[in-house]
Amino acid sequence: MLAPFLIMLREGIEAALITGIVATYLRQTGRGAWLPAVWVGVLLAVAVSLFAGAGLELVQAEFPQKAQELFEAVVGLVAVGVLVSMVFWMRKAARSMRATLEASVEASFTGSSSGGWALIGMVFFAVAREGLESVFFLMAVFEQSSGPGAALSALAGLAVAALIGFAIYVWGVRLDLRRFFRFTGVFILVVAAGLLASVLRNLHEAGLWNGLQELAWDMSDTLPVSSPGGTVLSGLFNYQPAPTLGEVAVWAVFLVVSLWLFLRPAPRRSGERAHV
């Protein structure tokens, strides 16, 4: 499944960039002794994300069927929200990420004797943001998938991101991050559109939405989900062979609006440069 791989790759690279920029700045400014504080912040963020995911999964298991459908709809909405915010936040923040993080590191050591705790907190909140985004996305994907494929794909994406982050930190490997984030941003918005359509389906199954339930088309015989092509499309974009008019309308409106906002040229102030 390509969707979990690419999204976890992107999330992992964002976390690796944050960690790598902070660690490199500490080393360049003679504060290498504080590097363990960076890794403590990262490990705490990973632990909190794992506990949050486990807790939400345990809570969901106790719900009756209709309540589970409603819970899945809420998780799907949150996942769409965090995916969209992630895409647009990185589009804006990538231009000044390095300068912002370096200023935050300096602020954590200025006028305070507890610089280590401030540094841990800064790294923790930055990485935890990526981790919690990943939790909600993966929960939404796992609810639409069966088998270990999605989990293995997500782990592979994180592993590749970790290797890229290590290479950037140790060897100074340079990537065209602007192009990478632009490509993955478009892909993520398409995935988010599919998740939003599934939210409408969950709301219908929970008994909360009954409008526009006429079938838009039925490709169950032409391209069923069980076929190789249907399996790929389902894993990538939450493809349904017989979507309702409401699902198609939500998918199309969201995708047109979000892609237009994402792909339009970003306003740039005079003298502004890209920093990543």
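Yes or no: the stretch 237-252 includes at least one residue that is of a type in the set (S, T, Y), farther than 19 Å from M139 by Cβ and at pLDDT below 80.
If we filter the stretch 237-252 for residues that are of a type in the set (S, T, Y), which is where we start, we get 239, 244.
Add one more test, that the residue is farther than 19 Å from M139 by Cβ, and what stays is 239, 244.
Filter once more, so that each one left must be at pLDDT below 80: 239.
For the stretch 237-252, residues of a type in the set (S, T, Y), farther than 19 Å from M139 by Cβ and at pLDDT below 80: present.
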Out of A161, A94, A79, report the one residue that is under 25 Å from A193 (Cα atoms), under 17 Å from the mean Cα position of the chain (by Cα) and modelled with pLDDT under 75. A94
Answer with yes or no whether A140 is modelled with pLDDT under 75, within 25 Å of L261 (Cβ to Cβ) and of a type in the set (A, V, I, L, M, F, W, C). yes
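In the stretch 1-55, which residue that is of a type in the set (V, I, T) and closer than 30 Å to Y239 by Cβ is modelled with the lowest pLDDT?
Taking the stretch 1-55 first, the residues of a type in the set (V, I, T) are 7, 13, 18-19, 21-22, 24, 29, 38, 40, 42, 46, 48.
Filter again for closer than 30 Å to Y239 by Cβ, leaving 7, 13.
Working: I7: 74, I13: 78.
Among them, the one singled out is I7.
Can you tell me which residue among S108, S113, S85 is surrounded by fewer than 18 Cβ atoms within 10 Å (Cβ to Cβ), at pLDDT below 75 and polar (S, T, N, Q)?
Numbers: S108 fails: surrounded by fewer than 18 Cβ atoms within 10 Å (Cβ to Cβ); S85 fails: at pLDDT below 75.
Result: S113 is the single residue among S108, S113, S85 that is surrounded by fewer than 18 Cβ atoms within 10 Å (Cβ to Cβ), at pLDDT below 75 and polar (S, T, N, Q).
In this structure, does I21 turn out to be assigned to a helix (DSSP H, G or I), touching a Leu at 6+ places or on another chain (Cβ under 6 Å) and either of a type in the set (V, I, T) or closer than 23 Å to A206 by Cβ (or both)?
Working: assigned to a helix (DSSP H, G or I): yes; touching a Leu at 6+ places or on another chain (Cβ under 6 Å): yes; either of a type in the set (V, I, T) or closer than 23 Å to A206 by Cβ (or both): yes.
Considered against the rule, which asks whether it is assigned to a helix (DSSP H, G or I), touching a Leu at 6+ places or on another chain (Cβ under 6 Å) and either of a type in the set (V, I, T) or closer than 23 Å to A206 by Cβ (or both), I21 comes out as yes.
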Among the residues of the stretch 255-272, is any charged (D, E, K, R), within 23 Å of W209 (Cα to Cα) and modelled with pLDDT of 80 or more? no
Criterion violated by E14 - all others in (1) on the phi > 0 side of the Ramachandran plot; (2) in contact with an Asp or Glu (Cβ under 6 Å, 6 or more places away or on another chain) satisfied: (1)
Of all residues in the stretch 7-48, count the ones that are under 22 Å from V84 (Cβ atoms) and either surrounded by fewer than 20 Cβ atoms within 10 Å (Cβ to Cβ) or in contact with a Pro (Cβ under 8 Å, 6 or more places away or on another chain) (or both). 0
So the check is Cβ under 8 Å with 6+ separation or different chains; which pairs have a first residue in the stretch 158-170 that's over 8 Å from G12 (Cα atoms) and a second one that's modelled with pLDDT under 75? I164/V173; I164/L175; A167/V173; I168/R174; I168/L175
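The values are calculated or read from the model by the stated rules, or taken from the named source; none is laboratory data. Quick caveat: nothing in here was measured; it's all calculated off a predicted structure. When we count neighbours, we look across all protein chains shown, and the Cβ atoms used for this are built from the backbone with ideal geometry, even at glycine.
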